[in-house]
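Presented below is the structure to which this report refers.
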Amino acid sequence: MRLFVSVPLHALAEEVAAAQDPLDLPGLKLTDPTQAHVTLKFLGEVDESALDDLTDAIGRAVESADVAPFDAEVGGYGVFPSLGYISVVWTGFRSGTEQLTRLHEAIERETVALGFEPEDHSFTPHATLARMGDARSKDAVREVVEADDPDVGTFHVDAVELTESTLTDGGPRYSTVERFGLPTGV
């Protein structure tokens, strides 16, 4: 099973699609806006026999992160790794970053303790909008990213999900393996 821990942006699918409109350019592959999410931890291939230990660890992480349900505001554009070499175009978070970071850090601690690889880059909460397949539209993408600052929207975060990614010819398809509610009264 190819797994990751995420917060889905299902409620903002239409708004994500609108933010993608200026990015509908040659050489860019738009992501499915109905599958928009922020990845808290990519786990990779996981044997099904490890699933119980993994779900226990994620449950502990969500409890220990001390994050109650919250509203997160999504907006703006960013790129990875840089404007000089763009491979991913994303939208970021105007609010909710602190809570998402605390969740990421707790999940990182618990999963690394289980033997998963630690992240090799700093955590930047984002939802991927497009991937650049070639540089044909690099200048146009740079102009959009530097000139536009879209307000994507606000959504309520009350859980994180363990998500399975199945690779298909039409792109990845995501399904929820388990949902972990954020504790109330924190």
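None of the figures in this text is laboratory data; all of them are computed from the coordinates on show. On a predicted model such as this, the values are computed, not experimentally measured, just so you know. Heads up, the Cβs are rebuilt from the backbone with ideal geometry, glycines too, and the neighbour counts pull from every protein chain shown.
Quick look at the numbers
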{"read-out": "Within the chain, helix-based [θ] at 222 nm, where runs of 4 or more DSSP H residues each add -39,500 (n - 2.57), nearest 500", "value": "-8000 deg cm²/dmol"}
{"read-out": "Nonlocal amide H pairs with Gly96, under 5 Å, H built at 1.01 Å", "value": "Glu73"}
{"read-out": "In range of the label at Tyr85: residues from segment 114-145 whose backbone nitrogen is under 15 Å from the point 7 Å along Cα→Cβ", "value": "132-135"}
{"read-out": "Gained length - Asp56 relative to Thr124, 0.36 nm times residue gap less alpha-carbon distance", "value": "22.0 nm"}
{"read-out": "Computed lengthening from Phe42 to Ala159, 0.36 nm per intervening residue step minus Cα-Cα distance", "value": "40.4 nm"}
{"read-out": "Estimated FRET transfer efficiency when R0 is 45 angstrom, pair Ser49-Ala140 (beta carbons, to 0.05)", "value": "0.40"}
{"read-out": "Antiparallel bridge percentage (DSSP; both residues within the chain; nearest 5)", "value": "100"}
{"read-out": "Highest-MSF residue in the chain out of Glu161, Glu119, Glu63 [GNM, Cα springs under 10 Å]", "value": "Glu119"}
{"read-out": "GNM flexibility winner over the chain from Glu164, Glu45, Glu108 (Cα, springs under 10 Å)", "value": "Glu45"}
{"read-out": "The chain: DSSP helices with Cα axial extent of at least 20 Å and average Kyte-Doolittle hydropathy no lower than -1.0", "value": "97-113"}
{"read-out": "Gaussian network model of the chain, springs between alpha carbon atoms under 10 Å - residue of Tyr85, Tyr174, Tyr77 with greatest fluctuation", "value": "Tyr85"}
